[in-house]
Amino acid sequence: MKGERPVTDNEGIIICREVHKWFGDFHAIRGISLTVKRGEVDVICGPSGSGKSTFIRTINRLEEHQRGQIIVDGIELTHDLKNIETIRREVGMVFQQFNLFPHLTVMQNVTLAPVWVLKMRKGQAQKRAMELLERVGIPEQAHKYPGQLSGGQQQRVVIARALAMAPKIMLFDEPTSALDPEMIKEVLDVMKELARSGMTMIVVTHEMGFAREVADRIIFFDFGQLIEENTPEEFFHNPTHERTKLFLSQILQ
Amino acid sequence: MEKRKVVSSHAIPFWRDIRVLRVVSQIVFLVAIAAGIWWLLNNLQTNLRNSGLSITFRFLGDTAGFPISEGLTYDPTNVNVYAFLVGVVNTIRVAVIGIVLATIIGTLVGISRLSSNWLVRRLAALYVETVRNIPLLVQLFFWYFAVMLTALPLVKDSISLPGSIYLSRRGLYLPSLVPTASFSVWLWFLLGGLALAIVVYVLRRAQLKRADRPGIPIGWAAIALVLVAVAGWFIVSGNPLSIDLPVLKRFNFEGGLWLSTPFASLVLGLAMYTGAFIAEIVRAGILAVSKGQTEAAKALGLRKALVLRLVVMPQALRVIIPPLASQYLNLTKNSSLAILIGYYDLLNVGTTIFNQTGRAVEMILLIMGSYLTMSLFMSLLMNLYNRRIKLVER
Amino acid sequence: MADERRTLHEVKGVLPPPSERIPVLRWLKQNLFRSWFNAILTVVAAAVILVVVYGLLRWALTEARWEVIPTNLRLLLVGTYPLEQMWRVWATIYLVVFLFGFSSGLRGGLIRRVSAGVAAVPIVLTVLPLPWGTRGWILGTAAAVAVGLGLGYLGKGNRWSKRLETAGWLLSFPISILLLNGVGGFLPVVEGRNKWGFMLNLLGAVVGIGLSLPVGVLLALGRRSKLPAIRLVCTAYIELIRGVPLISLLFMASIMLQLLLPANIRPDLVIRAMMTITAFSAAYMAENVRGGLQAIPKGQYEAAYAVGLKGMLTTVLIILPQALRAVIPAIVGQFIALFKDTTLFGFIAILELLNISRSILGNLEWRGRIFELYVFIGVVFWILCYTMSYVSRRIEKTLGVGER
């Protein structure tokens, strides 16, 4: 429930101004301007190819934006190596394809970055990892390899791995799209708990139930542009643009 | 939305700017490599100056002065560059025949490995496992020194086979065909026959297309060519080709076609060795076509032969061709072992020229250059073929 | 037995499968005589086998004079290595098999089975008609394996064992070279040029693979680099080396290398051969590793970057372990090919196994024994190469099982 989350201050932790990106000749992101407040939970939806994944990947520099500004926690995302590395440490990401490291155990996956990037001591990192694994509900899998876990369990490890870096922002790129239906709920539950604990989250997803429950805002993308954004109630009941209405009619039965 | 003033281009210190780092690291790398090469070349220059030599290719015009026992018509008074050419042609001879033979052996053995007959399967596997795990040089030595030189008789005691074929330690002598005076006239008949064959092919193909049936009328074209050739033979005065029989003179045979023992050992050894690898490639290629393909084809009612020809082989070929090409390349490169069994391939001739003239750098460049050219040429052919048969995907 | 059957029937509908033993006649019919064509094939094949095997056996047992092998065995295997220094060769062998036993005691599984085979070989070899002193040394090999095995087993679970193991293997490399070659002052130097026989083939292959692996990895990474200059240089090197035969590179090493170096640096012939084979093998290794690198999904890179790992760390911790694991079969294949290629050293007058056998044949006493010698050499290579490819196939299978 929305009232329970602590909202700290009003400054935008992510500020995007007129962000453009081209893939060769293809104009993938066309002038997106967006401000995300600390502790806010935004859901981005839209038809496939509308640029939603590309957009959130520009925030942690997995894609490079060619025009416009992106400012994360007061640091601008430019060609400056130091800025990029700082931002990547503060932003965690959960992928559609999991991308766990198959040659390492679950525990090693989660402790890798804290040990090598944050220079944490191994014992401390492992303690932290166990706490996180408990938080996502799978402490008993700590010494198994990713190949031995189910899809839902793997995705929860991914969340734990991202949380191990103590990020200020979590990005989710269609986290449940590759899961079998019976495993979607367990991952969404973890994400809901994360939202309620005050994490700033941007989630690209089609799971509208999740959006209705915990999102502060739903943002609709189409053809690389931000078409509409509103609170969930307003978005579902009073969509303003034609394209929004078309999209909603296609996904809601 | 607050309008916060953010300076969009801080001067990014250059040691942290990604773009700068990319360029600088490349420059450093290139400089290091260039420095290394410069050092080597400098040494080369010094050493050459000290021994009074320089790098020129003029020696290629000098008289060779050494014999080459087989290949194009050559005698020691020819120039070096021609001698080298003879060597190159010899390499190509071995490579082409070796490749053809290896492909035949490899395909047969590869298919045998998938046979339903247990004995045939085991024999093929035994062949592959034996040949692949013994070094090629050992096999070549075995064929040349052990088999050919010991088992075969001396020239004066040659085994003679019907049709004027003589087998001895020096090699195989066969009757050869030699063009006569009327050959040039007959050549016109051949060209005419070829033209007629093409016409027949095109016409018949169009005819089939109109009837909407598949087919490649090579048989028709071939018949046309043969008819014209035979007709030409009789029309022309005298015989366009005459037979040259090998005749035993005092120490050796003269006339006819000579396949030397080094040549035969080289071809045999290379074909058997490379054939084993090709067999594995063919086997892997056929197995790579998923079982579902064969099942679907059978479900449509196609007989086994058609399934193989229309569904399995085209797909298998896509998997087979790239590694097959690299085996062909290996065979060509391995032909250089000829030097160790006395066959005059390009490496052998090249090193002989070096021994005569002392021109190390130039000969190395020539030798490596020749092999590189052949490699590049084969890779090019293979890429072209690959592109043509690529599966069209989204 | 009765209990099992009862349990089976309790699970509804599950019945035991029909008996799988096929009577011999039915097997023959299915596999050898299924059709007319097959029957003919079988008969022809069987006939060929009988003729060949009979001929071979008859030759091997009656006409062949096998004494040429044991008489020259030392020459073939270690060349003209001075007799009084032979203990250094044995020491090297002991070191290697000891480490092998240690590793297998520590890990178990496939390696243990192979080391059992390794220990069995010397025991079998003592049966051969060799001087008793040599037999003593051979048995010592089996002892070394056993000692290593025991220590490894005892050290299982100890934190330091794995580190000792890695250190041991890494150090064995330079230690063996120093032992065999000698260091001025401590051990008298043994000239590499003419003296090492089969040992040279083995050493050449090991040095070649050991050095060409890191160089090949660097080349593969360079070839995939986004920086065009590095990519160009690495690609050029790989394609140039792969386009020419090894023997031409050896020729270049023996003739031209001297011209490229200042007059006061004159590397030994054997060292030049080793460097050449390393440079040659590195190009092929690079292509193998590149295949492994290409198989790694882009998501792995992205996940590493997203978690904050920088380029170098990502490569070393995430990408390379996966890539190398995927191409172990190819790497072993490359090792086998390298081992076979060491026979080419004879071209530049290095007396390795094949070349030494040719000089033995030059000796009047052994002039006709071509078949025996080459059969022996063929068998030696075959045993080693086949074992290596067998181990590689087993490793492939084990690695595949590691997944879910």
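The values are calculated or read from the model by the stated rules, or taken from the named source; none is laboratory data. Because the structure is a prediction, the values reported are computed rather than measured. Cβ sites come from the backbone with ideal geometry, for glycine too, and all protein chains shown count toward neighbours. To get the accessible areas, we keep the full protein, side chains included, count just its heavy atoms, and leave off ligands, DNA and RNA. Shrake-Rupley method; radii C 1.70, N 1.55, O 1.52, S 1.80 Å.
Of all residues in the range C:242-257, those being of a type outside the set (A, V, I, L, M, F, W, C) and open to solvent by 30 Å² or more (accessible area, probe 1.4 Å) number 2. Note on the range B:371-393: residues that are aromatic (F, W, Y), at pLDDT 90 or above and either in a loop (DSSP other than H, G, I, E, B) or open to solvent by less than 100 Å² (accessible area, probe 1.4 Å) (or both) total 1. If you go through the range B:108-146 and pick out every residue that is part of a helix (DSSP H, G or I) and under 18 Å from C:A45 (Cα atoms), you end up with 18.
Of the strands (runs of 3 or more DSSP E) lying entirely inside the range A:1-115, those containing at least 1 residues that are closer than 19 Å to C:E302 by Cβ and without any contact (Cβ under 8 Å) to a residue 60 or more places away in the chain are A:12-23, A:67-72.
Scanning the range B:227-272 for residues that are touching a strand residue (DSSP E or B) at 6+ places or on another chain (Cβ under 6 Å) and either open to solvent by less than 70 Å² (accessible area, probe 1.4 Å) or not in a strand (DSSP E or B) (or both) returns B:L241, B:S242, B:D244, B:P246, B:F253, B:G255, B:G256, B:W258, B:L259, B:S260, B:T261. Within the range C:33-89, the residues that satisfy the criterion of being more than 25 Å from C:G204 (Cβ to Cβ), in a loop (DSSP other than H, G, I, E, B) and of a type outside the set (S, T, N, Q) are C:F33, C:R34, C:A64, C:R65, C:W66, C:E67.
Of note, A:Q66 does not satisfy the criterion of being within 28 Å of A:I218 (Cα to Cα), open to solvent by 30 Å² or more (accessible area, probe 1.4 Å) and within 14 Å of chain C (Cβ to nearest Cβ). Within the range C:41-85, the set of residues being β-branched (V, I, T) and more than 10 Å from chain B (Cβ to nearest Cβ) comprises C:V51, C:V52, C:V53, C:T62, C:V68, C:I69, C:T71, C:V78, C:T80. Residue by residue through the range C:374-399, note down the ones that are facing another protein chain (nearest Cβ under 9 Å) and open to solvent by less than 40 Å² (accessible area, probe 1.4 Å). If the condition is that a residue be facing another protein chain (nearest Cβ under 9 Å) and open to solvent by less than 40 Å² (accessible area, probe 1.4 Å), then C:Y374, C:I377, C:G378, C:F381, C:C385, C:S389 are the ones that fit.
Counting the residues of the range B:336-370 that are in a helix (DSSP H, G or I), open to solvent by less than 10 Å² (accessible area, probe 1.4 Å), within 28 Å of B:I55 (Cβ to Cβ) and more than 7 Å from chain C (Cβ to nearest Cβ) gives 7.
Of all residues in the range B:89-143, those satisfying the criterion of being closer than 19 Å to C:I247 by Cβ and of a type outside the set (A, V, I, L, M, F, W, C) are B:N90, B:T91, B:R93, B:G98, B:P135, B:Q139. Taking the conditions (1) surrounded by 12 or more Cβ atoms within 10 Å (Cβ to Cβ); (2) closer than 15 Å to C:F102 by Cα; (3) of a type outside the set (A, V, I, L, M) in turn, C:G140 satisfies each one other than (2).
Just one of the listed residues (C:L200, C:L259) is more than 22 Å from C:C385 (Cβ to Cβ) and in a helix (DSSP H, G or I), namely C:L259. The residue list C:G333, C:G311, C:G299 contains one member that is surrounded by fewer than 18 Cβ atoms within 10 Å (Cβ to Cβ) and either closer than 30 Å to C:Y386 by Cβ or away from chain A (no Cβ under 11 Å) (or both), which is C:G333. Against the definition (open to solvent by 40 Å² or more (accessible area, probe 1.4 Å), part of a helix (DSSP H, G or I) and within 13 Å of another protein chain (Cβ to nearest Cβ)), how does B:P314 come out, yes or no? Taking the combined requirement at face value, the residue does not satisfy it. Out of curiosity, is A:D80 among the charged types (D, E, K, R) and open to solvent by less than 30 Å² (accessible area, probe 1.4 Å)? So A:D80 fits the description; yes. Quick check on C:A295: is it in contact with a Ser or Thr (Cβ under 7 Å, 6 or more places away or on another chain) and assigned by TED's automatic domain parsing to the domain that holds C:T71? Against the criterion (in contact with a Ser or Thr (Cβ under 7 Å, 6 or more places away or on another chain) and assigned by TED's automatic domain parsing to the domain that holds C:T71), C:A295 does not qualify.
A single entry from C:V233, C:V270 fulfils the requirement of being open to solvent by less than 30 Å² (accessible area, probe 1.4 Å) and touching a helix residue (DSSP H, G or I) at 6+ places or on another chain (Cβ under 9 Å): C:V270.
For residues in the range A:116-140 being in a loop (DSSP other than H, G, I, E, B) and open to solvent by less than 60 Å² (accessible area, probe 1.4 Å), which is farthest from the other protein chains (Cβ to nearest Cβ)? Here the answer is A:G137. Within the range B:323-331, one or more residues are free of Cβ contacts under 8 Å to residues at least 12 places away in the same chain and in the same structural domain as B:Y385 (by TED's automatic domain parsing). When B:I286 is tested against the conditions (1) away from every other protein chain (no Cβ under 12 Å); (2) more than 24 Å from B:A125 (Cα to Cα), the lone failure is (2).
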